[in-house]
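Nothing in this text is a laboratory measurement; each read-out follows from the coordinates by a stated rule. All values reported here derive from a predicted model rather than from experimental measurement. Positions of Cβ are generated from backbone atoms using ideal geometry, with glycine treated the same way; all protein chains shown enter the neighbour counts.
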Ligand SMILES: Cc1ncc(C[n+]2csc(CCOP(=O)(O)OP(=O)(O)O)c2C)c(N)n1
Ligand SMILES: [Mg+2]
């Protein structure tokens, strides 16, 4: 058997062209020193990197605020993405305004970075809305909790846009655990066969709740899962925002040029427990967490930006103040008790509500009216 794969409507692609780089792409080491490990990827524009840093600093402050709001009962649950800021922000900055983001429960920072208002983004985690923002308006699909189901939605949407002649790319964020789900594999296969302009970005944060990576896969890397489907794959240091930007930009450009989907594995780490209701000390050592704190995506970026002359104390102080203001407005937005309309339960279940659903809605409406009678 040779390594030449000839998918329909394509020029021959060799298996080795689809394989990820042997080591993760990175521009910066853990101390923010430049390294020559980027395999020909273009260093992103400095202005874009500074903007990424600003969003990462504000994003981290909001993440800390969200965790605090769970302890005050203002949020029902919060899956922190502390430590994953380079993945969340770098991904969003690589997308165009008409591209679509398909996030999971973990990706609130990515949604906020896309410009969704905090009180709208948090409706799901407050437990008051199915989705607190208008997905069509912001081109962000509802945060998805069933693992990997949204990978298929991303492939389907981008394929449909292609058929309509729109140059839209869809990017699905998935976790390392989600790569074991059938839906993930079906999405890769569909996107490859139909050349759907999709980018699948796996945030490999080493755990699926308590299940470590070693119990999740026997593959050399998660990026290797692309080759069997004919999907171009890459691995990247997910704590180096320069690398995330460069590699995701390349994947998006590829998809937009009609060259097919990509699978990108971003190596990162979840510094906090799975959610506020998890006790991570039951399955991982503090020494491991400490080792990853040393690889913090924000600290290494700041070290590099200061050496570039692109960041000084005055600018750092201004962004720290901006982050405090953003946290204060988030607290204010969530300080009012939410009063969701019980009838909203029936909205958005089907595009056209079914007869049983309408009957149930009418029953609830009558019940509510009878309860409110004096
Ligand atoms: C189809 C499905 N099965 C099981 C679950 C329960 N569950 C919620 S989060 C999670 C772990 C997912 O881990 P990973 O994909 O690595 O994402 P992370 O939480 O680390 O971001 C599981 C198993 C689910 N949400 N959906
Ligand atoms: Mg994970």
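Worth pointing out:
- Pairwise FRET efficiency - residue 358 versus residue 213, Cβ, R0 = 45 Å, nearest 0.05: 0.45
- Intensity falloff of the range 7-340 expressed as log10 I(q)/I(0), Debye formula with alpha-carbon point scatterers, at q = 0.11, 0.12 Å⁻¹: -0.67, -0.81
- FRET efficiency for the pair residue 373 and residue 68, taken as 1/(1 + (r/R0)^6) with r the Cβ-Cβ distance and R0 = 41 Å, rounds to 0.50.
- Over the chain, dividing the summed -39,500 (n - 2.57) contributions of all DSSP H runs of at least 4 residues by the number of residues returns a 222 nm mean residue ellipticity of -13000 deg cm²/dmol.
- Beta bridges from DSSP with both residues in the chain: antiparallel share about 20 percent, rounded to the nearest 5.
- Rounded Å value of the spacing that divides the Cα centres of the range 262-290 and the range 340-374: 41
- The range 197-272 shape via C-alpha gyration tensor axes, a/c threshold 1.5: oblate
- Sequence ranges 128-134, 362-368, 47-53, ranked by mean other-Cβ count within 10 angstrom, highest first: 47-53, 128-134, 362-368
- Global geometry of the range 133-212, whether rounded, prolate or oblate, following the gyration tensor of its Cα atoms and the 1.5 cut on a/c: oblate
- Cβ crowding within 10 Å averaged over residues, with 340-351, 237-248, 174-185 ranked highest first: 237-248, 174-185, 340-351
- A Förster distance of 30 Å, applied to the separation of the beta-carbon atoms of residue 286 and residue 145, puts the FRET efficiency at 0.55.
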